[in-house]
Amino acid sequence: MSDELDLMDDLDGRGDTQKGMFMTFQIADECYGIAITYVDEIVGIQSITAVPETEDYIRGLINIRGKIIPVIDVRVRLRQEPRAYTDRTCIIVIGVKSTVVGLIVDEIAGVITVDEKEIILPPSLSQSTAGNSKYVFGLARVDNEVKLLLDPEKLIRDEDVEAFDESAPTGEVVEA
Amino acid sequence: MGEDFNTDSMLDMFLYESEQLLETLDSTVLEKKDEECFDEESINEIFRVMHTIKGSSGIMMYENITKVSHKLEDVFYYLRESHPENVPHLELVDHVLEVSDFITGELEKIKSGDTPDGDESKLVEEIDKFLTKIKTGISQKGEELPPENTYVEPNQFYIAPTGSESSKYYKVSIYWRSDTQMCNIRAYTAVYALKEIAEDIQYIPDDIITNEASGDVILEDGFHMLVQCQCSKDEVKGAIGETSGMERVEINDCTKQEFEMGFHEAEDHPIVIELDDKDKEEEKKPEKKEPAPGDYVIKNKEAGKSKKLAKNQPKQQPKQTYISVNVDKLDALMDMIGELVISEATVLQNPDLKVPGLELSNFQKSASQLSKITTELQDVIMSMRMMPLTNTFQKMNRIVFDVSRKLGKDIELEVIGENTEVDKNIIEHISDPLMHLVRNSVDHGIESKEERLAAGKNPRGKITLEAKNEGGKVYIIVRDDGKGLNKQKLYEKARNNGLIGNRAMSEFTEKEIYQFITFAGFSTKEQVTEYSGRGVGMDVVVKNIQAVGGNLEIDSVEGGGSEMTMKIPLTLAIINGIVMQVGNSTFVIETNDIKEFVRVTKDMLVKEPDGEEYIMLREECYPFIRLNRRYHLDDSISEIEDGIVVVLEHENKNVCVFIDQLIAEQEIVVKPIPSYIKKVQGLSGCTQLGDGSIALILDIAGLIAGEEKK
């Protein structure tokens with residue numbers, strides 16, 4: 001019964017009002033979007049505790065009201081030159097399944113609504129040329145500007161999962 | 001069951017109750033296992049347990065559990081009624097434990113959402129045989145067989161009064177709207193609710209649980225109860241509550257006589273279910289006529305079939321009261337108190353307060369009051385998570401009993417300090433290792449009777465299980481008086497298995513040699529037995545113990561026995577740590593791991609050509625780790641004389657760690673590093689410091705292991 005209720009909630013609550021809404025942010029010259037249902041909150045940049053021996057894009061840990069969450073630098077993740085954080089730099093806290101991760105972005109642009117039909121799949125040619133297109137699941141044109149829509153699951157997982165899976169057994173052996 | 005009848009909570013209740021009952025059962029049985037036979041009290045106890053389980057599993061429709069418990073109940077019914085002599089006690093103990101195991105297994109299945117489909121027929125058959133055996137043993141002596149306690153569907157739950165003067169009696173009638181479904185189940189919910197407050201309940205129709213058709217009767221005539229209790233009408237009404245479809249509830253006073261008369265006019269075969277055996281004699285039996293021989297239903301009543309349906313009177317419970325709380329809630333509370341402690345520090349050490357010339361005496365007063373309360377809060381929540389080791393030790397009792405019997409050894413288990421309290425999380429982690437150690441002792445440690453006699457020892461082996469608190473740690477010791485460990489054999493074995501290379505035996509201390517048995521791939525036992533000796537045991541044990549920050553020490557006297565000591569921390573959640581800084585990063589090391597801090601001069605540093613460094617300290621050489629190099633930290637001190645060297649000790653291994661500076665010692669709340677970040681060797685967790693920043697907790701074992709790997 002509770003499942004039904006949740007479903008109802010989804011339908012007339014989040015589902016309807018947040019459908020097609022994307023939080024957009026600026027990285028370098030491009031504008032990226034992420035489905036708003038994933039977004040938990042946005043916080044300003046704060047002191048980050050680095051964790052050694054992790055991938056370069058994992059910047060470390062931050063403390064949000066007692067919860068310790070990892071943050072990744074989307075700039076670095078998208079293979080762009082890192083740059084110093086300014087007061088416009090923001091952390092978008094997203095929840096993907098049970099994982100909560102903070103995304104460091106240059107600047108928040110705003111919320112846009114995109115009709116599902118208007119989303120264009122990225123042309124297949126670009127997949128081999130641009131390194132970051134595997135995180136982009138679609139393109140949307142809003143006000144004559146193209147927004148790259150990111151798949152957060154791929155953004156935070158993707159090859160890491162594989163890398164992790166591969167390294168896990170060897171790690172075990174080392175410990176034993 | 002009914003659609004909106006909450007089976008979940010009933011199932012939870014059933015599982016919880018049954019588990020508790022089985023625990024009592026096990027402990028009762030094991031307590032008496034060494035005696036000639038069960039005394040009356042324990043027979044009653046076992047009977048009661050089986051009866052209750054039979055009843056509740058019947059309600060929950062777990063047929064196999066019902067059958068098995070019913071069978072065992074029969075046996076104890078017989079024991080109780082006819083006091084047979086020459087009952088093979090051990091065999092009986094076995095049967096009881098088998099039943100207990102069977103039901104526990106089924107409960108596990110139910111818990112994990114499976115259907116309890118265990119086959120009970122073999123067990124039932126065996127117990128049947130056993131029952132016939134003890135019965136024929138009697139009949140040969142020409143004694144009269146007591147009538148059999150045949151399972152009858154309970155006709156009426158008449159619960160005998162506990163006979164309190166101040167009790168009030170009510171007649172309660174509940175009527176449901178004519179379109180209500182499953183009235184019998186709803187009625188049972190009402191009975192169930194009233195059980196909480198009532199001393200005694202009778203109701204009609206009596207077969208609401210077993211007979212679905214009774215729902216229609218209730219719909220037509222209403223559901224009537226006679227309730228004896230200490231509370232007011234309103235309380236009774238409150239307990240019944242308001243459920244859907246209920247049309248009205250009538251509660252009328254009635255007299256004791258009326259109550260005792262019950263609904264008998266309508267009944268031919270009432271069964272008395274007594275609340276308390278003690279009151280049996282005083283109780284006026286509602287049934288006047290003498291039982292006819294062989295009339296089992298009445299015999300049942302005479303025997304005082306005990307069923308704890310209603311709660312005992314409150315005044316009979318001077319015991320402490322408990323409520324069970326979801327562990328998640330406790331964890332959440334624990335987290336929040338951790339937060340509170342941190343934010344307290346943030347407030348009290350706020351930079352805004354550091355304005356020169358600020359008058360703060362009132363603030364300081366309130367602040368110290370606040371600190372006192374938070375400290376106390378922390379103590380309370382910690383103590384809430386502490387559980388005595390009693391249950392864990394109880395299980396060991398069972399293991400010793402089982403394994404020793406199957407191996408034909410006579411072993412006594414002594415338990416010391418079972419009330420020692422340990423954090424619940426830790427208890428969960430040590431149960432398995434402890435079980436393994438105990439099994440090892442029984443299987444490998446204690447010799448066979450013949451060997452013991454030949455060695456001039458008491459043929460009865462002895463295993464001691466001891467728990468004690470010492471210096472912030474809990475010691476759990478498994479000691480046996482068996483044959484002990486043979487150093488020579490251990491050494492040869494380890495060498496043959498290629499675990500120690502070619503080092504000579506003299507290079508190792510005694511304790512180091514004993515530690516060989518904890519190496520992976522080491523087994524001293526040639527043959528694999530059912531209980532232990534697959535050679536995968538001890539290394540897993542040690543790993544499990546290390547997982548909770550503990551370690552295992554082994555000591556032994558050849559021919560005199562061995563002693564395994566698990567040293568585990570009292571709690572995992574809050575540790576005492578030293579906060580230190582390297583470059584821009586903050587690290588924490590558990591205070592217990594730290595031996596000393598030293599300032600080192602250049603000449604104490606020894607450098608090998610390949611870059612490896614050592615520290616010579618008081619004629620001893622220690623491996624040296626520069627944290628900044630290890631973790632590639634920038635902006636840190638590299639000049640040895642400017643920083644501080646921390647000497648750490650872990651499992652008799654020493655290591656020196658070079659850091660920039662010390663910051664403070666404080667209690668820290670350990671939090672896991674989010675799983676998104678893959679495990680970094682040498683880091684065991686993180687914590688939040690007073691200013692809200694995050695520090696990483698160093699794991700010494702990991703650091704050392706990482707260094708050895710190089």
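Points worth noting:
- Filtered residues of region B:178-200 (kept if open to solvent by 40 Å² or more (accessible area, probe 1.4 Å), out of contact with any Ser or Thr (no Cβ under 9 Å at 6 or more places or on another chain) and either at pLDDT 70 or above or outside the structural domain of B:Glu220 (by TED's automatic domain parsing) (or both)): B:Ser178, B:Tyr192, B:Ile197
- Some residue of region B:377-388 being in contact with a helix residue (DSSP H, G or I) (Cβ under 7 Å, 6 or more places away or on another chain), over 22 Å from B:Ala467 (Cα atoms) and either outside the structural domain of B:Ser343 (by TED's automatic domain parsing) or modelled with pLDDT of 85 or more (or both): yes
- So B:Leu15, is it in contact with a Leu (Cβ under 7 Å, 6 or more places away or on another chain) and within 21 Å of B:Gly113 (Cβ to Cβ): yes
- Scope region B:373-387; condition open to solvent by less than 80 Å² (accessible area, probe 1.4 Å) and farther than 16 Å from B:Glu428 by Cβ; matching residues: B:Thr374, B:Thr375, B:Leu377, B:Gln378, B:Val380, B:Ile381, B:Met382, B:Ser383
- Among residues of region B:445-471 that are touching a residue at least 60 places away in the same chain (Cβ under 8 Å), those with a beta-carbon under 8 Å from a residue that is part of a helix (DSSP H, G or I) and among the β-branched types (Val, Ile, Thr) at least six positions away or on a different chain give the pairs B:Ile463/B:Val400; B:Ile463/B:Val438; B:Ile463/B:Val442; B:Leu465/B:Val438.
- Given (1) free of Cβ contacts under 8 Å to residues at least 12 places away in the same chain; (2) open to solvent by less than 50 Å² (accessible area, probe 1.4 Å), index of the condition B:Gly577 fails: (1)
- Any hit, region B:39-47, residues being at pLDDT below 80 and crowded, with 17+ Cβ neighbours inside 10 Å: no
- Residue that is least open to solvent (accessible area, probe 1.4 Å), among those in region A:15-62 that are within 11 Å of chain B (Cβ to nearest Cβ), assigned to a loop (DSSP other than H, G, I, E, B) and aliphatic (A, V, I, L, M): A:Val51
- Test: residue in region B:390-406 that is small (Gly, Ala, Ser), outside the structural domain of B:Glu31 (by TED's automatic domain parsing) and either in contact with a Pro (Cβ under 7 Å, 6 or more places away or on another chain) or under 16 Å from B:Thr565 (Cα atoms) (or both): no
- Taken together, the residues in region B:648-685 that are part of a strand (DSSP E or B) and more than 8 Å from every other protein chain (Cβ to nearest Cβ) amount to 21.
- Leading residue by the ranking (farthest from the chain's Cα centre (by Cα)) among those in region A:81-126 that are within 22 Å of A:Arg157 (Cα to Cα) and open to solvent by 80 Å² or more (accessible area, probe 1.4 Å): A:Ser124
- In region B:389-406 there is no residue that is within 14 Å of another protein chain (Cβ to nearest Cβ) and free of Cβ contacts under 8 Å to residues at least 60 places away in the same chain.
- Checklist (1) open to solvent by 40 Å² or more (accessible area, probe 1.4 Å); (2) closer than 30 Å to B:Asp432 by Cβ applied to B:Val341, failing item: (2)
- Of the residues making up region A:63-90, those that are more than 14 Å from chain B (Cβ to nearest Cβ) and assigned to a loop (DSSP other than H, G, I, E, B) are A:Leu78, A:Arg79, A:Gln80, A:Glu81, A:Pro82, A:Arg83, A:Ala84, A:Tyr85, A:Thr86, A:Asp87, A:Arg88, A:Thr89.
- For the condition touching a residue at least 40 places away in the same chain (Cβ under 8 Å) and open to solvent by less than 10 Å² (accessible area, probe 1.4 Å), B:Val68 qualifies.
- From A:Val136, A:Val174, A:Val114, residue being within 30 Å of B:Asn544 (Cα to Cα) and modelled with pLDDT under 90: A:Val174
- From the options B:Ile381, B:Ile373, residue that is over 29 Å from the mean Cα position of the chain (by Cα) and of a type in the set (Val, Ile, Thr): B:Ile373
- Of all residues in region B:692-709, those satisfying the criterion of being more than 18 Å from B:Ile574 (Cα to Cα) and either of a type in the set (Asp, Glu) or touching a residue at least 40 places away in the same chain (Cβ under 8 Å) (or both) are B:Ala701, B:Leu703, B:Ile704, B:Gly706, B:Glu707, B:Glu708.
- Looking only at region B:619-664, and only at residues there that are of a type in the set (D, E, K, R) and touching a residue at least 40 places away in the same chain (Cβ under 8 Å), the one that is surrounded by the most Cβ atoms within 10 Å (Cβ to Cβ): B:Asp660
- Residues located in region B:19-46, provided they are of a type outside the set (A, V, I, L, M, F, W, C), closer than 15 Å to B:Thr390 by Cα and touching a residue at least 40 places away in the same chain (Cβ under 8 Å): B:Glu23, B:Asp26, B:Ser27
- Test for B:Leu703: is it open to solvent by less than 10 Å² (accessible area, probe 1.4 Å) and either under 34 Å from the mean Cα position of the chain (by Cα) or facing another protein chain (nearest Cβ under 8 Å) (or both): yes
- Any hit, region B:484-494, residues being touching a His at 6+ places or on another chain (Cβ under 8 Å) and either at pLDDT below 85 or assigned by TED's automatic domain parsing to the domain that holds B:Met396 (or both): no
- Region B:581-609 - residue that is touching a residue at least 24 places away in the same chain (Cβ under 8 Å) and in a loop (DSSP other than H, G, I, E, B) and, of those, surrounded by the fewest Cβ atoms within 10 Å (Cβ to Cβ): B:Thr601
- Some residue of region B:71-87 being buried (at least 16 other Cβ atoms within 10 Å of the Cβ), β-branched (Val, Ile, Thr) and more than 24 Å from B:Glu17 (Cβ to Cβ): yes
- Members of region B:396-455 found to be among the hydrophobic types (A, V, I, L, M, F, W, C), assigned to a loop (DSSP other than H, G, I, E, B) and open to solvent by less than 20 Å² (accessible area, probe 1.4 Å), listed by number: B:Ile446
The values are calculated or read from the model by the stated rules, or taken from the named source; none is laboratory data. Fair warning: this is a prediction, and the values are worked out from it, not measured in the lab. Counting neighbours? That spans all protein chains shown, and the Cβs are built from the backbone with ideal geometry, glycine included. We work out accessible area using only protein heavy atoms, side chains counted, and drop any ligands, DNA or RNA first. Shrake-Rupley method; radii C 1.70, N 1.55, O 1.52, S 1.80 Å.
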